[in-house]
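> This is the structure I have questions about; it appears just below.
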Amino acid sequence: MSRLLSKMEVDRRLVGLAVVLLIIWVGFDIASGGRFITPRNIFNLSVQTASVAVMACGMVLIIVTRHIDLSVGAILGVLAMLMGVVQTDLLPQFLDYNHPMTWILTLLAGIVIGAVIGGIQGAAVGYLGVPAFIVTLGGLLVWRGAAWWVTQGRTVAPLDHNFILLGGGIEGTIGATWSWIVALIAIVAIIYAAIMDRRRRLSFEFPVKPVWAEYTNTIIKAGLVLIAIATLNAYHLPTRAAERLLENKGIPVTPENLEISHGIPIPLLIVALVAIVLTIVVKRTRFGRYVFAIGGNPQAAELAGINVKRMTVAVFALMGVLCAISAAISSARLQSAGNDLGTLDELRVIAAVVIGGTSLAGGVGTIYGALIGALVMQSLQSGMALLGVDTSLQSIVIGLVLVLAVFSDKYFHRRYSDPTA
Amino acid sequence: MTDPNMTKNPLVEMRDIHISFGGVKAVDGVSIDLYPGEVVGVLGHNGAGKSTLIKILSGAYQADSGQIVVDGKDANIENARDARDNNIETIYQNLALADNLDAAQNLFLGREVTDKFGFLDDAAMEHKAREVLHRLNPNFKKFTSPVSALSGGQRQSVAIARALLFEARVLIMDEPCAALGVHETKMVGELIDQLKRDGLGILLISHDLHDVFDLSDRLHVMKNGKLVGSVRTEDVTHDDVLGMIILGKMPEHLLHLAGPGATNAPTAPEDATNSETSETPS
Ligand SMILES: Nc1ncnc2c1ncn2[C@@H]1O[C@H](COP(=O)(O)OP(=O)(O)OP(=O)(O)O)[C@@H](O)[C@H]1O
Ligand SMILES: [Mg+2]
């Protein structure tokens, strides 16, 4: 089995995580009498995971560079409040209510402010040399306090109609047809990437994996995409909502017409987009290479001419940008912005990243690992909620799982051990 | 016998270099030089200031005062990049490799090859890495593993390949054989000989007198941040050099050879006269 995996050049840690996730899902499904692995629950799970997943992608880079960011939840809070004020108080002075530009300008404002906040913290870490733990612990207090100050604690609602779609409510999905189109694009991309990679390696006469392994890899990836999309499409709108939708469009209501799919929720699309962009950044750009070099040996990076201080600012600024996107997703999901939004998210994010195989010692970590880590965390939480486990016990279990995850990681993998060997 | 090196101009000269950390005068008025196709050993006790001296040349530290001359021209070396621009490459005592990156990624760190869209071209880098490493070490196979999975000798190959790849003319090696096995030390020795034939100038720091004697053409000996003296390897015995390292004194019979900046040779002659005297062995 392990020989098989190494032939296929699959990351073993990834396989391990996937197995853990599967066990959790099947376990909860059995325990709940078949209520866990349902299109509806999977859909909800994907929406609930989105906010943490987006931030986890950035936290991977932070932890890979040997830092930590404890302030992400608080930054999310203050950005959600600011974006709430921008779209409900500020922009309506210039634009009509629910103007199509409102959500764009709001998100843009959030992203810029997020980058500035992150950049300031990064500068304190990089240039002033204050440990990230302290800077962001201070940041946690500062930004949480700031979140209250934005409106003196008043919750901002209702939010812009288009903005709310980012949270993936009943209308915040792209429907069956578009979902299949996305699936098609994804599969074409998977096949194209595999072919191009192989060609390139062959052109340099590097060793390549056996053809059967390429096929299996590609088929598994494409299959997962198809299963995911089919599941999301199998979750139909509630009858009431479907009726309303049909009436609005002037289509007669018949039992067949009523079966309208949700399809991919917009927050899940955002997660996919963020993850793809960041994976490309990590694997294919100088920036990503330098992040890992700094994590592996900061001195070597400095000696190789990398501006470590500036990189630190950039990595924290990127984290701030992702906090803005997460803030949009979570406030849109609740259709309001309260100043306690994102409380304890820093712990969920860090846990997701660590469970996903990112080493706290720096230098090692993957974006996809963090995504699965986030899904594992959310699955545990949702599953226990489904079984009626009370919240205090939920936190105990999740805390133990986190420690167990890090322990097993230390136990089974030596540091920097070759993931494909 | 005439030494062909001495007819050329020095590749690098460091003149009257001073640097201190707090109260510690780590390097105190040291001058050294290096010619093409020459291996020069820098010797001294722990804390003598060897690493500090060469870190100034490689841009890791900046001298408080003093002058660095490359190819007869004043060079202003403020960071690693400046050193590289002067074709000075350093292989550090603690091996400046990022453990989590593979050989090719380390080789090109800071100078990656990118495609027309600005994305990293890993295949092209791996290709070039295989070429260079194969030339140095035909047994090198682990191209896609993190360098932490390599042996000391293999890591040293990567570090040296890194310097070669960027057309170094001056190679600084701080303890290249520390923590290496017998076989690997021999390999590094062969590498150094090969680089020397290619006309590189090599500054070699080592505690192992045998290594240094085998490999070096000249020796600079330091003690407590000062230069004790510079001698040609063929003029001295191990005991002479040990005396220089431990006592900080030039051997009696070589006092007239004391190099520039030598502290215990008050009437040390200037560069030119010095190299002339050294052409007539005593
Ligand atoms: N960054 C620094 N800060 C403060 N003191 C330093 C620093 N670097 C070196 N020193 C001091 O300068 C002196 C010379 O150190 P250096 O590392 O150059 O010695 P060395 O000759 O390379 O010794 P070794 O053979 O042990 O490598 C020592 O006293 C050391 O403690
Ligand atoms: Mg040293």
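The values are calculated or read from the model by the stated rules, or taken from the named source; none is laboratory data. From a predicted model like this one, the values you see are computed outputs, not experimental measurements. Here Cβ is always computed from backbone atoms with ideal geometry, including for glycine, and neighbour counts include all displayed protein chains. Areas reflect the complete protein model, heavy atoms only, side chains present, ligands, DNA and RNA absent. Shrake-Rupley method; radii C 1.70, N 1.55, O 1.52, S 1.80 Å.
> Where is the GNM fluctuation largest for chain A (alpha-carbon springs, 10 angstrom cutoff): A:Gly122, A:Gly223, A:Gly250?
Largest GNM mean-square fluctuation: A:Gly250.
> So, one more: Debye sum, Cα scatterers, the protein assembly as shown, no solvent: what log₁₀ I/I(0) at q = 0.05 1/Å?
-0.34
> Once region B:94-168 is represented by equal point scatterers at the alpha-carbon sites, with solvent omitted, what log10 I(q)/I(0) does the Debye formula produce at q = 0.20 Å⁻¹?
With one equal scatterer per Cα and no solvent, log10 I(q)/I(0) is -0.78.
> Accessible area per residue of region A:173-264 at 1.4 Å probe, in Å²?
Per residue, region A:173-264 has an accessible area of 65 Å².
> Short version: ³J(HN,Hα) in whole Hz for each residue of region B:196-210, in order, from phi by Karplus 6.51 cos²θ - 1.76 cosθ + 1.60 (θ = phi - 60°), x for Gly and Pro, what are they?
4, 4, 6, x, 6, x, 10, 9, 10, 10, 7, 8, 8, 4, 4
> So what is the relative contact order for chain B, in percent, with contacts set as C-alpha pairs under 8 Å and at least six apart?
23
> Which ³J(HN,Hα) values in Hz, rounded to whole numbers, follow from the phi angles of region B:19-25 under the Karplus curve 6.51 cos²θ - 1.76 cosθ + 1.60, where θ = phi - 60° and Gly and Pro get x?
7, 9, 10, x, x, 7, 7
> Please report the equivalent ellipsoid semi-axes of region A:287-400, computed as sqrt(5 x eigenvalue) of the Cα gyration tensor, largest first, in whole Å.
Over the Cα atoms of region A:287-400, the ellipsoid semi-axes are 32, 19, 10 Å.
> For the pair A:Asp89 and A:Leu128, what calculated FRET efficiency results from E = 1/(1 + (r/R0)^6), where r is the Cβ-Cβ distance and R0 = 25 Å, to the nearest 0.05?
Computed FRET efficiency for A:Leu128 and A:Asp89 comes out at 0.10.
> At R0 = 41 Å, how high is the FRET efficiency between A:Val389 and A:Ile280 if r is their beta carbon distance? Nearest 0.05 is fine.
Details: r = 39 Å, r/R0 = 0.96.
E between A:Val389 and A:Ile280, to the nearest 0.05, is 0.55.
> Considering only Cα-Cα distances, which of the following residue pairs are longer than 20 Å: B:Lys226/B:Lys249; B:Lys50/B:Lys249; B:Lys8/B:Lys50; B:Lys8/B:Lys196?
B:Lys8/B:Lys50
> Can I ask one more? Can you list the residues, at least 5 places off or on another chain, whose amide H is less than 5 Å from the amide H of B:Leu34, using H built in the peptide plane?
B:Leu11, B:Val12
> While we're on this one: Could you compute how much accessible area chains A and B hide from each other, both sides summed, with a 1.4 Å probe? Nearest 100 Å² is fine.
By this definition, chains A and B bury close to 2500 Å².
> Something else about it: Specify the inter-centroid distance of region A:350-417 and region A:164-219, based on alpha-carbon positions, in whole Å.
Comparing the Cα centres of region A:350-417 and region A:164-219, I get a distance of 26 Å.
> If you wrap region A:72-160's Cα atoms in a convex hull and average its projection over all directions, what's the area in nm²? Each step should come with its number before you reach the end.
Working: hull surface 23.5 nm².
Result: 5.9 nm².
> Ordered by residue, what ³J(HN,Hα) values in Hz, to whole numbers, does region A:392-398 give under the Karplus form 6.51 cos²θ - 1.76 cosθ + 1.60, where θ = phi - 60° and Gly and Pro are x?
Calculated HN-Hα couplings, in order: 5, 5, 4, 5, 4, 4, 5 Hz.
> Shifting gears a bit: Mind jotting down the three principal axis lengths of region A:173-264 based on Cα atoms? Whole angstrom, largest first.
Here the Cα extents, ordered largest to smallest, are 62, 18, 16 Å.
> What is the Cα centroid distance between region B:38-89 and region A:255-326, reported in whole angstrom?
38
> Could you provide, to the nearest whole Å², the per residue accessible area of region B:94-168 with probe 1.4 Å?
Per residue, region B:94-168 has 38 Å² of solvent-accessible surface.
> Once you place label points 7 Å from the Cα toward the Cβ at A:Phe287 and A:Trp149, how far apart are they in nm?
Label-label distance for A:Phe287 and A:Trp149, simple model: 2.9 nm.
> A further question follows. Taking 8 Å as the Cα distance limit and 6 or more residues as the minimum spacing, I'd like the relative contact order of region B:94-168 as a percentage. Don't skip to the end; give the middle numbers.
Details: 78 pairs, mean separation 32.3, N = 75.
About 43 percent, as a whole number.
> How high is the FRET efficiency from A:Ala31 to A:Tyr368, r the C-beta distance, R0 22 Å, rounded to 0.05?
For A:Ala31 and A:Tyr368, the calculated efficiency is 0.20.
> Let me ask you something else. Quick one: compute a quarter of the convex hull surface over the Cα atoms of chain B and quote it in nm². Working shown, then result.
Values: hull surface 62.0 nm².
The number I arrive at for chain B is 15.5 nm².
> Anyone know which of A:Thr102, A:Thr218, A:Thr312 comes out most mobile in the 10 Å Cα GNM of chain A?
Checking each option, the largest mean-square fluctuation is seen for A:Thr218.
> Still on this structure, I have one more. Antiparallel DSSP bridges in chain B: what percent, to the nearest 5?
That works out to approximately 55 percent antiparallel.
> Moving to a separate point now. When the chain is fully extended, how far beyond the present Cα-Cα distance does A:Ala194 get from A:Val397, taking 0.36 nm per residue of separation? Please list the in-between numbers first.
Values: separation 203, 0.36 × 203 = 73.08 nm, distance 3.98 nm.
Taking A:Ala194 through A:Val397 to full extension adds about 69.1 nm, to one decimal.
> Then there's this: Within region B:102-195, report the GluC sites (Glu not before Pro) that DSSP leaves as loop and that have at most 16 other Cβ atoms within 10 Å.
Answer by residue number: B:Glu167.
> Give me the percent of accessible area attributable to carbon and sulfur for region B:94-168, probe 1.4 angstrom.
51
> Under 8 Å for C-alpha pairs, at least 6 residues apart: give me the relative contact order for chain A, rounded to a whole percent.
Relative contact order, chain A: 35 percent.
> Show the residues, 5+ positions off or on another chain, whose built amide H is closer than 5 Å to the amide H of B:Val113.
B:Asp121
> Okay, moving on. Rounded to two decimals, what is the ratio between the C-alpha radius of gyration of chain A and 2.2 N^0.38 Å?
Output field value: 1.01.
> Quote to one decimal, in nm, the extra length available between A:Thr216 and A:Lys249 on full extension: 0.36 nm per residue of separation minus the C-alpha distance between them.
Extra length from A:Thr216 to A:Lys249 when fully extended: 7.5 nm.
> Between B:Met125, B:Met14, B:Met244, where does the largest GNM mean-square fluctuation fall for chain B, given springs only between Cα atoms within less than 10 Å?
B:Met125
> Rounded to the nearest 500 deg cm²/dmol, what is the calculated helix-only ellipticity per residue at 222 nm for the protein assembly as shown, with -39500 (n - 2.57) per DSSP H run of length n ≥ 4?
It lands at -18000 deg cm²/dmol.
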